[in-house]
Each structure stands twice: as structure tokens, then as C-alpha cells.
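To start, the structure itself, in C-alpha cells.
The values are calculated or read from the model by the stated rules, or taken from the named source; none is laboratory data. Quantities reported herein were computed from a predicted structural model and do not represent experimental measurements. Counting neighbours? That spans all protein chains shown, and the Cβs are built from the backbone with ideal geometry, glycine included.
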Amino acid sequence: MPHLLIIDDELSTSWALAEGLTDDGYTIDTFRSAEAAWEWLRRGHSDLVITDLRLPGMSGLELARKLKRGRSAQPVIIVTAYGSTDVEADLQRAGVAGCFPKPFAMDALRRAVRQALAERVARRTRARSTRRTGVRLKRAA
């Protein structure tokens, strides 16, 4: 069962996300700050992170950058009320799997979660195959 982290300083958004995704069979933990989630991630494991862009302290973008540098590199999905083309470019460079403006369509977010998790499984499978055989599989364009 995949494990998701939801990070938002607005309790109503965290609650809506958790409620909307729990029915899909995910285990979910919620945090009100990126720092608290980061500390948890240093000791725990998550398959995907959904975070608000603007948080007190560390932003969702900063967290995405830290996760990208990590060895497990969980996919990150951003939800924000403050989108712009500059922000979108920064998110792409940080390797963010998706960005959803608030208010977001829950069905679209659920599809993005499923897709990001499937891509993570495919990357892990390719990495295991490479380690086992020493042959790198080329990804189809």
C-alpha cells in the first residue's frame, strides 16, 4: 500500500486531500510544515509527497529540491494558490511531478498521484535491472 505525505498549513486543505485520497487505499500522514515532514522523512519512508507551495519556513519548492537530491527521490506534487509561469519553470527544474492550482479538481489530482506512483515503480524496476545486469535500458521517447 503506497504511503503519501500531505503538507499544508491550512488544515482544511490537508483534510480534503487526505479524505479524497484515502479511498484509493493509500496510507497518509499529514504535516503543517515542510520542516516537520523533512524530519519525518529522514527516519521514515514515503512514496509520494503532496505539498503546498507557500508554507511558513521551508517552501514546498525547497522541499522538492531537497527530495530530488535524496537517494529515494519521491515524486512531489504541488498545490498552490500562487501559480505563475516563473513558478512553473522553477517547479519543472526541481522535478515536480505536477502542479495544481487551488481550488483543484480532486479527480485530476488522483490521476496525477496514480501516474507519479506508476512512474516511480517503473524507474525502480529499470534501476534494479541495470544493477542486476549492468545493462542500461533505454527509455522509449
Fill in: Tabulated pairs, segment 94-111, first of a type in the set (D, E, K, R), second crowded, with 18+ Cβ neighbours inside 10 Å, C-beta under 8 angstrom, 6+ apart or interchain
102/13; 102/79; 102/80; 110/21
Worksheet entry | The listed residue being under 12 Å from the mean Cα position of the chain (by Cα), over 20 Å from residue 108 (Cβ atoms) and at pLDDT below 95, out of 67, 41 | 67
Discussion item. Take the residues in segment 8-33 that are in a helix (DSSP H, G or I) and among the aliphatic types (A, V, I, L, M); name whichever of them is farthest from the chain's Cα centre (by Cα).
Written reply: 11
Item to complete: Quick one: count up the residues across segment 56-86 that are assigned to a helix (DSSP H, G or I), in contact with a Leu (Cβ under 7 Å, 6 or more places away or on another chain) and either surrounded by fewer than 14 Cβ atoms within 10 Å (Cβ to Cβ) or of a type outside the set (Gly, Ala, Ser) (or both).
Response: 1
Discussion item. Taking the conditions exactly as written (touching a Ser or Thr at 6+ places or on another chain (Cβ under 6 Å), among the hydrophobic types (A, V, I, L, M, F, W, C) and either at pLDDT 90 or above or outside any helix (DSSP H, G or I) (or both)), does residue 5 satisfy them or not?
Written reply: yes
